[in-house]
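In what follows, a structure is listed as structure tokens, so that the remarks can point back to it.
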Amino acid sequence: MVVREIAERAKKAQREISAASTDKKNKILMKIGEALLKRRSEIIEENSKDVERAKQKGLSAALIDRLKLDEKRISAMVRSVEEVASLPDPIGQIVEMRRRPNGLLVGRMRIPLGVIGVIYEARPNVTIDISALCIKSSNSVVLRGGSEAINSNTILTKIIREVISSEGISPDIIGFIEDTSREMIHQMLKLDDILDLLIPRGGEELIRFVTENSRVPVLKHFKGVCHVFVDEYADIKKAIDISLNAKVQRPSVCNAMETLLVHKNIAEKFLPKMGDIYKEHRVEIRGCDITRKYISWAKPATEDDWYAEYLDLILAVRVVDNIDQAIEHIKKYGSSHTDAIVTENYTNAMKFIREVDSSSVMVNASTRFSDGYEYGLGAEVGISTTKLHAYGPMGLEGLTTLKWVVFGDGHVRT
């Protein structure tokens with residue numbers, strides 16, 4: 001089936017999910033969760049084919065980590081679906097209702113965007129997260145996953161579509177492109193008469209290609225160069241715990257810290273301890289000259305290291321003179337994703353929040369919390385690092401827009 005036909009079917013089917021009640025949508029989501037658990041051995045079997053092929057092709061450990069599904073990750077996917085089901089349905093909500101001097105009631109109603117196109121690489125959980133969010137927000141979606149996860153995506157999509165069909169709604173609200181050739185992406189980029197939004201999720205090369213060539217509006221998230229700034233007023237234990245978690249807990253994801261900034265007045269107390277801990281966890285340090293005085297085994301950092309998204313156990317470390325220099329570093333080298341400060345000083349915390357213009361700014365918390373599920377969104381369709389039409393993790397409301405609604409009583413304009 002050609003891409004246009006899949007998209008046209010998704011557009012037609014969207015009318016059905018748009019008319020579905022909240023109870024119906026929640027029932028579908030809960031049944032999807034049950035089906036994922038019931039068929040988890042089948043999912044793991046198909047996923048193992050993808051993982052084995054990825055190893056044979058010599059793909060990076062970070063990519064293989066994103067690709068792999070096991071009992072724990074399938075359970076997490078189920079919890080994500082259940083969380084989406086438990087959230088309030090945004091569709092039909094009336095907001096900003098007010099009465100005009102002439103008696104008219106003017107407000108806005110939340111409605112679906114329509115048909116979402118998603119192009120993604122080696123993360124099969126995206127199939128579940130986006131499908132669940134689109135079902136709850138009454139959108140349809142056209143999925144084009146990467147070749148690395150084709151077996152995983154195929155079985156997951158099959159399960160979702162079977163559940164939807166069992167509830168009397170067209171399974172075409174979840175369109176799946178089985179052909180993973182580059183040509184399919186080219187075709188999707190031209191569907192501005194069908195797709196309302198295109199979401200690319202993957203490496204910077206893919207996202208830039210989609211952004212530069214698409215006729216369809218694109219949700220942009222080029223990369224995650226996330227920072228943690230250890231202020232001079234930081235609690236050392238908090239700084240160590242946060243700096244370790246932000247880098248080591250799962251280094252292959254976009255909200256992992258890539259650069260650690262340390263105030264010069266706390267560097268002597270903090271960096272030697274932190275360096276020893278990083279060494280235990282096999283983290284490669286690329287530091288400025290001052291950093292290397294405290295961590296003797298660190299490699300010298302280059303200009304490119306400050307821009308780098310490693311997605312690996314590699315960390316750039318820089319000692320700064322003050323909070324202003326830390327903020328300027330983030331403005332120059334950051335990617336508007338997620339940045340954090342560790343401090344016990346309220347004034348500095350508020351200054352950091354005001355002046356760091358990233359989609360998520362944190363105080364005394366790991367950057368790893370920058371995630372739709374952790375923010376209570378149930379799941380996310382992606383993280384926007386540009387400000388139109390959303391900024392940061394996008395959940396249900398990010399897949400909606402607002403139309404004006406007006407209530408009168410025979411009003412005519414004079």
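Kindly provide the set of residues from segment 58-70 that are surrounded by fewer than 18 Cβ atoms within 10 Å (Cβ to Cβ) and at pLDDT 95 or above, ordered by number. Listed by number, the list holds a single entry, D70. Is at least one residue of segment 184-192 under 18 Å from V126 (Cβ atoms) and surrounded by fewer than 19 Cβ atoms within 10 Å (Cβ to Cβ)? Yes: one or more hits.
Being more than 19 Å from Y373 (Cα to Cα), assigned by TED's automatic domain parsing to the domain that holds E162, at pLDDT 95 or above and not aromatic (F, W, Y) holds for only one residue in V115, V81, and it is V115.
Of all residues in segment 290-328, those satisfying the criterion of being in contact with a helix residue (DSSP H, G or I) (Cβ under 7 Å, 6 or more places away or on another chain) and part of a helix (DSSP H, G or I) are I290, T291, Y294, W306, Y307, I323, I327. Does segment 343-351 contain any residue that is crowded, with 17+ Cβ neighbours inside 10 Å, at positive phi and not charged (D, E, K, R)? Scanning segment 343-351 turns up no residue that is crowded, with 17+ Cβ neighbours inside 10 Å, at positive phi and not charged (D, E, K, R). Scanning segment 151-187 for residues being among the charged types (D, E, K, R) and closer than 17 Å to E42 by Cβ gives a total of 3.
Yes or no, residue by residue, for (1) hydroxyl-bearing (S, T, Y); (2) surrounded by fewer than 18 Cβ atoms within 10 Å (Cβ to Cβ); (3) over 21 Å from R123 (Cβ atoms); (4) in contact (Cβ under 8 Å) with a residue 24 or more places away in the chain:
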| site | (1), (2), (3), (4) |
| --- | --- |
| E5 | no, yes, yes, no |
| A13 | no, no, yes, yes |
| E16 | no, yes, yes, yes |
| K25 | no, no, yes, yes |
| K38 | no, yes, yes, no |
| E45 | no, yes, no, no |
| K49 | no, yes, no, yes |
| Q56 | no, yes, no, no |
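Looking across V218, V210, one residue alone is free of Cβ contacts under 8 Å to residues at least 60 places away in the same chain, touching a strand residue (DSSP E or B) at 6+ places or on another chain (Cβ under 9 Å), within 21 Å of D129 (Cβ to Cβ) and not acidic (D, E). It is V218.
Listed by first and then second residue, the pairs with beta-carbon distance under 7 Å, at least 6 apart or on different chains, first residue in segment 336-361 and outside the structural domain of I323 (by TED's automatic domain parsing), second surrounded by 15 or more Cβ atoms within 10 Å (Cβ to Cβ) and part of a helix (DSSP H, G or I), form an empty list. For V163, indicate whether it is of a type in the set (A, V, I, L, M, F, W, C), at pLDDT 95 or above and part of a helix (DSSP H, G or I). So V163 fits the description; yes. Restricting attention to segment 226-253, the residues that are over 19 Å from the mean Cα position of the chain (by Cα) and at pLDDT below 95 add up to 0.
Only one of the numbered conditions (1) aliphatic (A, V, I, L, M); (2) under 20 Å from Y346 (Cα atoms); (3) touching a Lys or Arg at 6+ places or on another chain (Cβ under 7 Å) is violated by A234, and that is (3). Listed by first and then second residue, the pairs linking a residue in segment 306-325 that is without any contact (Cβ under 8 Å) to a residue 60 or more places away in the chain and closer than 19 Å to H221 by Cα to a residue that is crowded, with 20+ Cβ neighbours inside 10 Å and of a type in the set (D, E), with Cβ atoms under 6 Å apart and 6 or more places separating them unless they lie on different chains, are Y310/E258. Just one of (1) more than 22 Å from I383 (Cα to Cα); (2) in contact with a strand residue (DSSP E or B) (Cβ under 8 Å, 6 or more places away or on another chain); (3) buried (at least 24 other Cβ atoms within 10 Å of the Cβ); (4) not polar (S, T, N, Q) fails for I199. It is (1).
Would you check if V253 is aliphatic (A, V, I, L, M) and within 23 Å of P300 (Cβ to Cβ)? In short, no.
The values are calculated or read from the model by the stated rules, or taken from the named source; none is laboratory data. Just so it is clear, the structure is predicted and the values come from calculations on it, not from any experiment. Ideal geometry is used to build each Cβ from the backbone, glycine not excepted, and the neighbour counts take in all protein chains shown.
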